[in-house]
1. Lys and Arg at +1, Asp and Glu at -1: add these up for the other residues within a Cβ distance under 14 Å of P116 and post the number.
2. Length gain on complete extension for the stretch W338 to R184, per 0.36 nm per residue less the alpha carbon to alpha carbon distance?
3. Under a plain spin-label model, where a point goes 7 Å from the Cα along Cα-to-Cβ, how far apart in nm are K360 and A35?
4. Rounded if a/c is under 1.5, else prolate if a/b beats b/c, else oblate: with a ≥ b ≥ c from the C-alpha gyration tensor eigenvalues square-rooted, which is the range 144-277?
5. Mind jotting down the distance between the C-alpha centroids of the range 346-403 and the range 152-190, whole Å?
6. List R427, R336 from most exposed to least, where exposure is judged by having the fewest other Cβ atoms within 10 Å.
7. Using only Cα atoms, what Kirkwood radius does the range 271-310 have, in angstroms?
8. Tell me whether the range 351-448 comes out rounded, prolate or oblate; compute the Cα gyration tensor, take square roots of the eigenvalues as a ≥ b ≥ c, and use a/c under 1.5 as the rounded threshold.
Amino acid sequence: MKSFEVNFDGLVGPTHNYGGLSFGNVASQSNSQQASNPKEAALQGLEKMKALMDMGFVQGVLAPQERPDVAALRSLGFGGTDAQVIQKAAKDAMPLLVASCSASSMWVANAATVSPSADTADGRVHFTAANLNCKFHRSIEHPTTSRVLGAMFADPQYFAHHAALPAVAQFGDEGAANHTRFCRDYGEAGVEFFVYGRSAFDSRYPAPQKYPARQTLEASQAVARLHGLSEAGVVFAQQNPAVIDQGVFHNDVIAVGNGELLFHHEDAFLNTDQVLAELHGKLQARGAQFQSICVPRDQVAVEDAVRSYLFNSQLLSRADGSMLLIVPEECRSNPRVWQYLQSLTACGGPVREVKVFDLKQSMQNGGGPACLRLRVALKETELAAVNPGVIMTPALYGTLTRWVSKHYRDALRESDLADPQLLLECRTALDELTQILKLGAVYPFQIN
Ligand code: SUG
């Protein structure tokens, strides 16, 4: 049976702004308070989705969330009408209003961890929504994420959904940003690679000193158990704490994998040789030939990787078996990274082409091409069971670009977040979006 890797990209929401909310994420911190352009951000994302669709990849779309999150503000003690809640928060606790307005759900690599049916004990595709509990503005995403994923992958014969892990730092889970799946073919059993930043229950594991390690070993293990993955089909590896302290807040900022290939920086992991040997052995037992491309630090320093987002790229398999790398514009403007990429495509290895996309609006908050997509490997029958409203087509692309142009502002500053009109604009836009994507009622304002 044919199988596919479908990229579901997060549609940027109408409140996209630079809140400086993510300690440990260099771009988020350094662009704090700048004016954002939500319209441009959403159109840049749609452009990437269209380009992948035009290249023949199956492309999907994942809806943004209702912001400001009035219910979150109410839970923090702000009362009255929705407009009063927003105005009181703006007056007394602006950082909380900013957090409740974040459009961070666009980075859907953090929406969930997904295990394809070939890997799971019950032969269904499993989803665990990520609790994202390291940052308040992200911790409020998972209830709506679960409803949206449920509306996209609704058929229980094919899809199993798990609620987010307990919302404590010991089970900090950031979803697919710290999870990669290797396989010979998307429809065959593969090896799922979980990368964690620290152990919450075993003090023998080292931890970063400066910035938080968002993902714990225990969270990764829990997700693997929930999904019914076998011992032969998983590898757990610790991220190098030293690179977390240099701004590598997710593993997908320093490594990316696809098919039988891992593309990673020399400093990405602890015990690299052991990790690669385990991946090699477990894939070999599955009939797959693991391969890795290690980028040496003397060619690309960790700092350059963080600035350019070289590894936050999409590694895509083409029909001829070669691979294509989708990178952000920031890779082209970094001479060392660009030179490395030239040598990568010229060396006769698996990566033959690099395509560059302008995702500056998202990049300025630390979200590159790979952050914006959630990969779901599906067999033909499973793809047929996905809500067809969320699969990108030329017509849907046209509808969504018109929808963005109609509803989105082209500038947003912190002071604009206090405007109760923004909530109404967001709700009007999302109400229309649920009809366009045929999601049914998924937002708090539609169900309460
Ligand atoms: O969680 N930025 C996100 C970026 C997520 C990137 N995702 C992956 N690497 N997969 C984060 O740090 C910044 C929001 C702000 O500052 O306004 C933010 O949430």
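1. Within the 14 Å Cβ shell, the charges total -1.
2. Contour length minus the Cα-Cα distance gives 52.5 nm.
3. 1.4 nm
4. oblate
5. Value for the Cα centre distance between the two parts: 18 Å.
6. Lowest to highest Cβ neighbour count: R336, R427.
7. Evaluated on the range 271-310, it is 11.9 Å.
8. Oblate is the answer for the range 351-448, as a/c is 1.5 or above yet b/c matches or exceeds a/b.
Coordinate-derived values only; no laboratory data. This is a predicted model, so every value here is computed, not measured. We place every Cβ from the backbone using ideal geometry, glycine too, and count neighbours over all the protein chains shown.
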